[in-house]
Amino acid sequence: MHRIRPVDTNGRVVDKAIVAALDWHPGDLLSWRVTGGLVLITRPSFGRRGVTKYGHISIPAAVRHAAGIRIHDCVLLAADPDQALLVVYPAEVFDDILARRFAEGAPR
């Protein structure tokens, strides 16, 4: 499952369908790791934040900065429910992927 969503002014991303697909619940603590320009979010966690009481996903400022995500940027959320993993693709990374795909040309 995937969606494109904006990061709100408090560093949260809202997509209740993604949260439900991952079987995450308000109050669940999450772990974040930035690798290859992507944010990997998992549960269980040792973090202090995670899913808000309204079901929003909180992304800490340090994580956003490390991945180059700014407030109001749109990000691609890609959920893998079998692994309870959410991958956040910053706009710049997603743009690079699309640019490479278009540069390769259409499949025949």
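Values quoted throughout were computed directly from the atomic coordinates according to the rules given, and no laboratory measurement underlies them. The structure presented is a predicted model; accordingly, all values stated were derived computationally and were not measured. Using ideal geometry, Cβ is built from the backbone for each residue, glycine included, and neighbour counts are taken over all protein chains shown.
Selection of segment 25-82 for residues being more than 15 Å from ARG5 (Cβ to Cβ), among the aromatic types (Phe, Trp, Tyr) and more than 14 Å from the chain's Cα centre (by Cα) yields only PHE46. Just one residue in the set LEU85, LEU22 is under 16 Å from ARG3 (Cα atoms), touching a Ser or Thr at 6+ places or on another chain (Cβ under 6 Å) and surrounded by 13 or more Cβ atoms within 10 Å (Cβ to Cβ); that residue is LEU85.
Within segment 1-45, being under 24 Å from ILE97 (Cα atoms) and hydrophobic (A, V, I, L, M, F, W, C) holds for MET1, ILE4, VAL7, VAL13, VAL14, ILE18, TRP32, VAL34, LEU38, VAL39, LEU40, ILE41. Counting only strands (runs of 3 or more DSSP E) wholly contained in segment 18-100, the ones carrying 3 or more residues that are hydrophobic (A, V, I, L, M, F, W, C) occupy 38-42, 74-80, 85-89. List every residue pair whose Cβ atoms sit under 8 Å apart, with the two residues 6 or more apart in sequence or on different chains, where the first one lies in segment 57-82 and is farther than 10 Å from GLY11 by Cα and without any contact (Cβ under 8 Å) to a residue 60 or more places away in the chain and the second, anywhere, is charged (D, E, K, R) and in a helix (DSSP H, G or I). Pairs found: GLY68/GLU92.
Taken over segment 52-67, the criterion of being surrounded by 14 or more Cβ atoms within 10 Å (Cβ to Cβ) and over 19 Å from ASP82 (Cβ atoms) is satisfied by THR52, GLY55, HIS56, SER58, ILE59, PRO60, VAL63, ARG64, ALA66, ALA67.
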